[in-house]
Structures are given as C-alpha cells and as structure tokens.
Amino acid sequence: MLTPARLRTSCLALTGAVEEFPFRPDLSVFKVRGKVFALAPLKSKPLHVSLKCDPVLAEQLRDTYPAIRPGYHLNKRHWNTVDVDGSLPDRLVLDMIEDSYDLVVAGLPKKAQAELGWPPAADATGAPRVAPRPARSTRAPRSGGSGPGRRSE
C-alpha cells in the first residue's frame, strides 16, 4: 500500500514540483510553477490525496472505484479526492498523480513548459501521456458583425 512518504516522494520527483503549506501546517500542497496539482494531509488516517483530473475521466473513475470521490473543498468537475486505503492499486494512484501534474503543466505558458522539459515523453504506443490543450487565440475580437449577443438590423 502507498505510504505517505512514498506519496510525497512521488509528487516531489516530478520536475519543478515543490511542497508548500499555505492552508495549514498538516496539509501538504504540491505545486509546479505556483499551480497546485496535489493536496494531501499526509498524517491523516486513512491517507487521501486530491488530484486534478480531466472531467470525463474524473466521472469514470468515480463510477468505477468507491475510493475515488469528488474533490473535497475543490471544483468537483476537475478534482478527485482519492482514499489511499489499499483498495486501489498503487500504480493507479501514482498514474493519477502524474496525470494531475501533466494537466497543470499543459496549462502553463510554452516557455515554462519547455523549461520543465515538457511535453512528456510518449508512451509505448507513441501517444503523449496527456494531449496538450489547443492554443488560445490572441487576436482581438472584431467590432460589429453578427456574433452572439449582437442584434442584426
């Protein structure tokens, strides 16, 4: 079963990850470039960790595993809280930590991603572990036209 020490070590092994305690002394908050990817009260029994997750996958995981529930005090669409009580394979929890990290890094500026050596290496099939987000348009909106909220005359 995953121990608090191994959970902590796994989070901190990710490039650029740091541990902070902004909320209370017993709640480890793991961040990359100032963005949270995991929260865990490492002394709690049973151990649990909150992790960012793709919304569709988050629902599937909750439906499949009783130990995975909507994020506690977090946006329940994007966060899961995982009970690390031995009912889940360690590899699943560790993969969820990596996926959470990848989702956060995918939202960082390209320069920060490059400094972190991201995107991650492809898996055995050649597919990236997490698909990068599509680029946002930097073009200013046009005035006039008949877009949403505009009346045509």
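The values are calculated or read from the model by the stated rules, or taken from the named source; none is laboratory data. This is a predicted model, so every value here is computed, not measured. Counting neighbours? That spans all protein chains shown, and the Cβs are built from the backbone with ideal geometry, glycine included.
Does Tyr65 count as over 17 Å from Thr3 (Cα atoms), among the aromatic types (Phe, Trp, Tyr), buried (at least 18 other Cβ atoms within 10 Å of the Cβ) and at pLDDT 95 or above?
no
Scanning segment 1-54 for residues that are in a loop (DSSP other than H, G, I, E, B), under 15 Å from the mean Cα position of the chain (by Cα) and not small (Gly, Ala, Ser), which turns out surrounded by the fewest Cβ atoms within 10 Å (Cβ to Cβ)?
Thr15
Every residue in segment 55-82 that is in contact with a His (Cβ under 7 Å, 6 or more places away or on another chain) and acidic (Asp, Glu), please.
Matches in segment 55-82: none.
Being closer than 18 Å to Val32 by Cβ, at pLDDT below 95 and surrounded by 15 or more Cβ atoms within 10 Å (Cβ to Cβ): is that true of Pro120 here? Break it down stepwise before answering.
Values: closer than 18 Å to Val32 by Cβ: yes; at pLDDT below 95: yes; surrounded by 15 or more Cβ atoms within 10 Å (Cβ to Cβ): yes.
Yes.
What is the one condition in (1) closer than 16 Å to Asp95 by Cβ; (2) of a type in the set (S, T, N, Q); (3) touching a Gly at 6+ places or on another chain (Cβ under 9 Å) that Thr15 does not satisfy?
It fails just one condition, (1).
Out of Val56, Val49, Val84, Val93, which single residue is free of Cβ contacts under 8 Å to residues at least 24 places away in the same chain and among the β-branched types (Val, Ile, Thr)?
Val56
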